[in-house]
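Read the structure below first, then the notes.
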Amino acid sequence: MTFAGEAALVAGKDLRIEARARVVTAQVLPFAGIVVLLFAFALDPRRNVLPTLAPGLFWVAVLLSSLLAVSRSFAIESEHGGRDGLRLAGLDGGAIFLGKAAAIGLQLLLLEVVLLVAVFALYDVEVHGLVVIVPAALVATAGIAAAGTVYGVLAAGLRVRETLVPVLVLPAVAPVLLGATRAFELALAGELGGAWRWTSLLAVFAALYTMLGVLTFGPLLEEA
Amino acid sequence: MPVVAVRDAVCLLGHFPALAGADLEVEAGEIVWLAGPNGAGKTTLLRLIAGLVRCHSGSVEVLGHDLAHDGPGRLRHAHRRRLALVGHDTNCYDDLTVAENLRFAVRAAGCPPAAGEAALSTFGLAELAAVTHAALSAGQRRRLALAIALCRQPELVLLDEPHGGLDTEARHALDQTLTTMAAGGGTVIFASHEAERAGALAARAVRVEGGRTVGGIAERAVERVGT
C-alpha cells in the first residue's frame, strides 16, 4: 500500500469510529456552542463589542474544542492496546500521523462550519471577505490538527494524558489563535491584503508542523 | 540462522528488571512454549521479540533484524508485517465491527481481502462479522485477536496465553492453525500456564523464571518443563 493509502486507511478508521461513537456531534459540538454562548453572556452588558471580538472568541472556542478532539483521537488507541496494534500493523509512522491529523482536521472543520454560523448570528457579525475566511480557516485547522497530533502522541502513553494535552497543545497553537484571529478580523473589515498575509503565515505554520509530524510521529509512537 | 536469537537480554520496566539475562534461540518451523510462574518475564520476552519494548543490554535478533542495535523505534514497518503478537489486549477498536477491525488489519498488512474472510471462518466469527468489538464476549474477542494476527500469515507468531477464554472448538482450530503454520516453516512462540495443552502443542519448552530462561539455547533437546 502507498504512503497516501496508509494515511487514508488510518483517517478512514478514525472517522468511522467517530461517526459511530458520535463524540464530536454529541459532546464536542455542544461544548463549543456552550463556550460561544458563555462569551455572549459574559459580554452581554457590552454587546456592541461582540462583533469586534467575534473572531478571537470563535478561535478560542475552536482551540478548546480541538483539545477534546485530540484527546479523543488518542484515547481510542489506548483502549484494548490499540497503540500496540498500530505499531504492529506495519504502517509507516508518518502515514499514521497524516491519517490521524486529517481525521481531527475534518472533525474540526465540521465543527467550525456550525460554530461560524452560530457566532455570526449570535454576535451580530456582518459577513465580509469569505474568499479569505475560508482558506484561512482551512490552513488554521490544518495547523491545529497537525500540532495537536504531534503533542497528542507525546502524551499518549502517560496516565496524565488528559491533563497534559492542554498544557502541551495550547501554547503550541497560540500562533494559530493569533494569526487566524487577525486574518478573520481583517477579512471582516474588508482588508483582504492583510488577511492574506496572515493566511500565508498560518499556511507556513501548518506546513512546518505537518513536516515535523511526518518525521517524528513514528519514533514518538514507539516511545509513547 | 535462527529466526529468533535473544542473548543475555536485560529489559528494565522502570527500575524493575523484567528480564535479567534471558537467552532464547528458535529455528524456523519450531513451536516453542514459554513456561513459568506469573511475573517471570514471559510477556516481556514476547514483547521484546516483537520490538515493543527496549533491550537495555544483550542482543536480540528477529528475522535477521538486530533489534538491540537498531532499537525498536527503528524497526521498519515492512519488517513488522512479518510477525504477529497476540498479547493480553485485542488491539481492536470497540466501535468497529468484527469485519471492520479485521479489514483494517488486513489492509494495513497489505494482504488480500480473502485472507480476512478465511480467518473469520476459521475462528467461527463469520456470523459475528457485523457485531461491534464492544458487544463481543471475552472469548469472542480473543478469537478475533487471533484471527487478525494469523490472517496475515506471519513468519513469526508470538502468543501470550493463546488458549485463555477460548472454547474447545476454538482451541482446536487454533492448535491446528499453528501446527499447519509451523509445518510450512512458520515459527510460533507462546506463553502458557496450561501445561497439558501447551506440552502437546509445543516441540520444545523453555522455562522463564526471575527474568531468566532455562533451556533457551543450551538444552535444545525436546524437553517438558512444567509450570
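The values are calculated or read from the model by the stated rules, or taken from the named source; none is laboratory data. None of the values given here were measured: they were computed from a predicted structure. Here the Cβ positions follow ideal geometry from the backbone for every residue, glycine too, while neighbour counts run over all protein chains shown. Just the protein is used for accessible areas: all its heavy atoms, side chains included, with ligands, DNA and RNA removed. Shrake-Rupley method; radii C 1.70, N 1.55, O 1.52, S 1.80 Å.
Tabulated results
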{"quantity": "Charge dipole (debye, nearest 20) of the range A:3-223; +1 at Cβ of Lys and Arg, -1 at Cβ of Asp and Glu", "calculated": "180"}
{"quantity": "Calculated from backbone phi, Karplus (6.51, -1.76, 1.60) coupling profile of the range B:25-30 in Hz, x at Gly/Pro", "calculated": "10, 10, 8, 4, x, 7"}
{"quantity": "Longest to shortest principal axis, alpha-carbon extents of the protein assembly as shown, angstrom", "calculated": "86, 46, 37"}
{"quantity": "Charge dipole (debye, nearest 20) of the range A:130-224; +1 at Cβ of Lys and Arg, -1 at Cβ of Asp and Glu", "calculated": "60"}
{"quantity": "Accessible surface of chain A [probe 1.4 Å, protein heavy atoms]: carbon and sulfur percent", "calculated": "71"}
{"quantity": "Estimated vicinal HN-Hα couplings, Hz - the range A:169-180 in sequence order (Karplus 6.51, -1.76, 1.60; Gly, Pro = x)", "calculated": "7, 4, x, 5, 9, 4, x, 5, 4, 5, x, 5"}
{"quantity": "Hull shadow area, averaged, the range A:136-224 [alpha-carbon convex hull, nm²]", "calculated": "5.5"}
{"quantity": "1.4 Å probe accessible area per residue over the range A:1-143, in Å²", "calculated": "39"}
{"quantity": "Accessible area buried, both sides summed, chains A and B with 1.4 Å probe, Å²", "calculated": "2500"}
{"quantity": "4 °C / 1.567 mPa s Stokes-Einstein diffusion coefficient of the range B:1-121, Kirkwood radius on C-alpha pairs, µm²/s", "calculated": "81"}
{"quantity": "All-pairs alpha carbon distance profile, chain A, 5 Å steps from 0, percent", "calculated": "1, 7, 15, 19, 19, 15, 11, 7, 4, 2, 0, 0"}
{"quantity": "Theoretical FRET efficiency, 1/(1+(r/R0)^6), r = Cβ-Cβ of A:F120 and B:D89, R0 56 Å, to 0.05", "calculated": "0.75"}
{"quantity": "Distant alpha-carbon pairs in the range A:1-124 (separation over 25 angstrom), percent", "calculated": "35"}
{"quantity": "Inter-chain shielding of A:1-9 (mean C-beta neighbours from other protein chains, 10 Å cut-off)", "calculated": "2"}
{"quantity": "Per-residue HN-Hα couplings for the range B:42-56 [Karplus 6.51, -1.76, 1.60; θ = phi - 60°; Hz; x = Gly/Pro]", "calculated": "5, 5, 5, 5, 5, 5, 5, 5, 6, x, 8, 10, 8, 8, 7"}
{"quantity": "Cβ charges +1 (Lys, Arg) and -1 (Asp, Glu), total dipole of the protein assembly as shown, debye", "calculated": "340"}
{"quantity": "Max mean-square fluctuation residue, GNM over chain B, Cα-Cα springs under 10 Å, options B:G36, B:G184, B:G211", "calculated": "B:G184"}
{"quantity": "Per residue Cα convex hull volume in Å³ - calculated over chain B", "calculated": "117"}
